[in-house]
Amino acid sequence: MWHAHDVPANVSGSTRAGLGYARQTLAVAEADIRKLIHDPVELLTRMVQPVLWLLIFGQVFTRTRAIPTGGISYLDFMAPGVLAQSVLFGAIFYGISLIWERDLGIVHKFLVSPAARSSLVLGRAISSTARSLCQMVLVYVLALLLRIHLHFSVAALIGVAAAVIFGSAVFSTFSLIAACIVKSRERFMGIGQVLTMPLFFASNAIYPLSLMPGWLQGLARVNPLTYQVDALRSLMIVGGSTSFGLALDFAFLAAALAILVAIATRLYPKIIT
């Protein structure tokens, strides 16, 4: 955990505060990432899902040609949605670790430390991106084997990684909020199951927004997953396009993350009450 003497004495007060906050956040993230390194089994099980979606669902619907995909194959159209789905499904259950740590007394130790509450939340959000970036690598490897037409420019890869990081941070923070509210593992798992399907199907992950009825399009336009998929489809696929523009995609994800971090920061101490 961060201490005041870790920051050089010859820097200004605002700089010291900023450096201290960054170190607090990274310390929390590092602790969670270490757990992933020592127990990679969860990561391997999470990788099964995108394999099944691309190998089974994608192969079948590519043959139907019933879904308008804007001049690219359905498999190409679907690959960014599968990546976003794997990020969502991995991040949305992230909050259960907070419940485990509360039961073990670890959360109490963090809460009595001098670390800002927002840094505890943001650190967890950052650590969740490690899993998602691993899933990104898997989806790219699988996409290559399936001959999906991918962009491999440095700018495109950086953009895809940024979209994955933002999406993972958004949904893991949303998961922390749910964990703070329900407080029990059994209820949390039920809530997670209820949330994942509406978020996934009320998005453009496996079909375009134009196929949805008006009310569902309205829900999709306030769903962060829609903007993550839109950015991924433009950056990841040769011939892929964006419906909203990359600037709006990333602005929406950033705004959603800021709002969710603020809510989670307020609720975080309530996990132990």
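Figures for the structure shown
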read-out: Loop-exposed trypsin sites (Lys or Arg not before Pro) per DSSP, neighbour cap 10 Cβ within 10 angstrom, longest uninterrupted part of the chain; value: 148-273
read-out: Cα centroid separation, segment 99-113 to segment 202-220 (Å); value: 40
read-out: Three-way shape call for segment 139-185 based on the alpha-carbon gyration tensor, with the a/c threshold at 1.5; value: oblate
read-out: Percent RCO, i.e. relative contact order, over the chain, from Cα pairs under 8 Å lying at least 6 residues apart; value: 25
read-out: Alpha carbon centroid spacing (whole Å) that separates segment 58-98 from segment 170-184; value: 24
read-out: Kyte-Doolittle mean at least 0.5, axial Cα span of 27 Å or more - DSSP H helices of the chain; value: 117-145, 154-182, 246-267
read-out: Relative contact order (percent, whole number), segment 185-253, Cα cutoff 8 Å, 6+ residue spacing; value: 25
read-out: 222 nm mean residue ellipticity, helices alone, for the chain (DSSP H n ≥ 4; -39,500 (n - 2.57); rounded to 500); value: -23000 deg cm²/dmol
read-out: Pairs of alpha carbons in the chain whose separation is greater than 22 Å (percent); value: 58
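Values in this text are rule-based calculations from the coordinates and carry no lab data. Small disclaimer: the values here were computed from a predicted structure and weren't measured. In this analysis, Cβ positions are derived from the backbone assuming ideal geometry, glycine residues included, and neighbour counts consider all displayed protein chains.
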